[in-house]
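Working notes for the structure below.
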Amino acid sequence: MGITLTSRLTRKGIETLQILDKPYALLRVDEDIETPQFHARNRYWVDPGDGFIVQSEQHLTPSLSLTITQLQPSRKDVR
């Protein structure tokens, strides 16, 4: 896309998220992104056991963000 950016990942610690009325203890990782045009902070909630990203909040543009929650039926915690 021709945009130069700088990205920094920071481990924030364990947080408990409620997803479909079930608690998940997940490691939050923040990604700070800087471009000449804007600054954004993406957040990722990661299973600390295997690194699977269960939920993320990503900024696609300064005014547009997207939250993705991904549960897989084959994972032990969703059975």
For segment 40-45, Karplus-derived ³J(HN,Hα) couplings (6.51, -1.76, 1.60; θ = phi - 60°; whole Hz; x for glycine and proline) come out as 9, 10, 8, 10, 10, 10
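Which order results if ARG8, ARG43 are arranged by neighbouring Cβ count within 10 Å, fewest first?
On the way: ARG8 9, ARG43 17.
So the ranking, lowest neighbour count to highest, is ARG8, ARG43.
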Relative contact order [Cα under 8 Å, 6+ residues apart], the chain, whole percent: 19 percent
Highest GNM mean-square fluctuation, the chain, Cα pairs closer than 10 Å: which of LEU26, LEU17, LEU64? LEU64
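Rule-based calculations on the coordinates, nothing more; no lab input. These numbers come from a predicted model, not from an experiment. Using ideal geometry, Cβ is built from the backbone for each residue, glycine included, and neighbour counts are taken over all protein chains shown.
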